[in-house]
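What follows is a set of notes on a single structure, which appears directly below.
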């Protein structure tokens, strides 16, 4: 039994989402792929994949095994490169994900610096305001803002991000400045469904986290739209600091209820390779952690 062939074929099936795609990727026939998977499952004594006439799905045991196999294959590749004297030069493709705005402002400079240092690596940036399943979608590294669920991913904290309630100075001149969260009932609220709840905002009282109920006049699907509405002087919105950093610095917006801000949200760099991270992933992680910690420390 060629175990390397079996696990390489299994990972190819998982990544391709089917036997035919794996066969094309590996340049072998579909029956060879089928035999390899059957032999691997017989050897392990567990079902790794569930197959129907239309769909191939990974079982829970298969998902864990696929992740372990990826690490094994990555280590073998690292060993080959080391034997050839290439270990010090990362190469290949890296996929990185982050929230749209944060990715553009904070992660892109890290990516371009990384690419200038390592010319044999290509990076694919997936900047989107949804949580990407790193295992299912083949993402190597993620930058996340917020508390993390329990998972098998390795997380390195690089800083924190505050939520700010803000509006224009002109709005406050016309309508007054709210002194407590209860005062928000008398103000025009702009809520962003993609950033915080549209029916309540997180607030703290003497360090104790809580929420304040809202009746927003305007609900936007993105925080960028909510900020644009706030800039017209229509009302107050609640967004992450990095999204309004320039507006606050240049006086177009101002913050209120600073004494009631909730605890800042943590910012993490996540990866799925543990201490066996590939050379290209480890080099990016090290650079990203250093650069992001330096920038976030200034906020």
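Using only alpha carbon pairs under 8 Å that are at least six residues apart, calculate the relative contact order of the range 3-83 and give it in whole percent. All intermediate terms of the calculation are to be shown ahead of the outcome.
Numbers: 67 pairs, mean separation 21.9, N = 81.
Computed over the range 3-83, the figure is 27 percent.
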Next item on the list: For the chain, set up a Gaussian network in which alpha carbons nearer than 10 Å are linked by springs, and say which option among 46, 158, 267 fluctuates the most.
Entry: 46
Notebook entry, point to check: Counting other C-beta atoms within 10 Å, which of 93, 280 has the fewest, and how do the rest follow?
Noted result: 93, 280
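Using Cα-Cα distances under 8 Å and only pairs 6 or more residues apart, what relative contact order does the chain have, in percent?
21 percent
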Next item on the list: Go ahead and set up a Gaussian network model of the chain, Cα springs under 10 Å, then flag whichever of 111, 208, 239 fluctuates most.
Entry: 208
Check: Quick one: if the Förster radius is 41 Å, what FRET efficiency do residue 294 and residue 175 give, using the C-beta to C-beta distance and rounding to 0.05?
Finding: 0.60
Next item on the list: Compute the long axis of helix 60-83 from its Cα atoms, compare it with the longest principal axis of the Cα atoms of the chain, and write down the angle in degrees, 0 to 90, nearest 10.
Entry: 70 degrees
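Between residue 250 and residue 160, what length comes free when the chain is fully extended (0.36 nm per residue of separation minus the Cα-Cα distance, one decimal in nm)? Mind dumping the intermediate values first?
Values: separation 90, 0.36 × 90 = 32.40 nm, distance 2.24 nm.
Extending this stretch completely gives an extra 30.2 nm.
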Margin query: Quick check on the chain: helices-only [θ] at 222 nm, where DSSP H runs of length 4 and up contribute -39,500 (n - 2.57) each and the sum goes over total residues. Nearest 500, please.
Written below: -12000 deg cm²/dmol
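Using a Förster distance of 35 angstrom, determine the FRET efficiency expected from the C-beta separation of residue 54 and residue 27, and round it to 0.05. Spell out each step's value before the answer.
Numbers: r = 24 Å, r/R0 = 0.69.
That gives a FRET efficiency of 0.90.
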Check: Using alpha-carbon positions, what is the distance between the centroids of the range 171-218 and the range 7-38, in Å?
Finding: 53 Å
Note to self: I want to check the label-to-label distance for residue 105 and residue 217. Put each point 7 Å from Cα in the C-beta direction and report it in nm to one decimal.
What the structure shows: 2.5 nm
Next item on the list: Treat each spin label as a single point 7 Å out from the Cα along the C-beta direction, and report the residue 2 to residue 232 distance in nm.
Entry: 6.5 nm
Next item on the list: Please give, to one decimal in nm, the separation of the simple spin-label points placed at residue 199 and residue 125, each 7 Å out from Cα toward the Cβ.
Entry: 3.7 nm
Item checked: Option label - semi-axes √(5λ) of the Cα gyration tensor in Å computed here, alternatives (i) 30, 25, 22; (ii) 47, 22, 16; (iii) 34, 24, 16 -> (ii)
Item checked: Degrees, to the nearest 10: 108-117 long Cα axis against longest axis of the chain -> 40 degrees
Item checked: Candidates 44, 287, 240: whichever shows maximal mean-square fluctuation once the chain is modelled as a Gaussian network with Cα springs under 10 Å -> 44
Checklist line | Between 0 and 90°, nearest 10: helix 30-44 axis offset from the chain longest Cα axis | finding: 80 degrees
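Is the range 163-260 best put as rounded, prolate or oblate by its Cα gyration tensor, with a ≥ b ≥ c the root eigenvalues, rounded for a/c under 1.5, and otherwise prolate when a/b is larger than b/c, oblate when not? Kindly include the intermediate steps, with their values, before the conclusion.
On the way: a/c = 1.30, a/b = 1.18, b/c = 1.10.
Rounded.
Rule-based calculations on the coordinates, nothing more; no lab input. In this text the structure is predicted, and so the values were computed from the model without any measurement. Cβ: placed from backbone, ideal geometry, glycine included. Neighbour counts: every protein chain shown.
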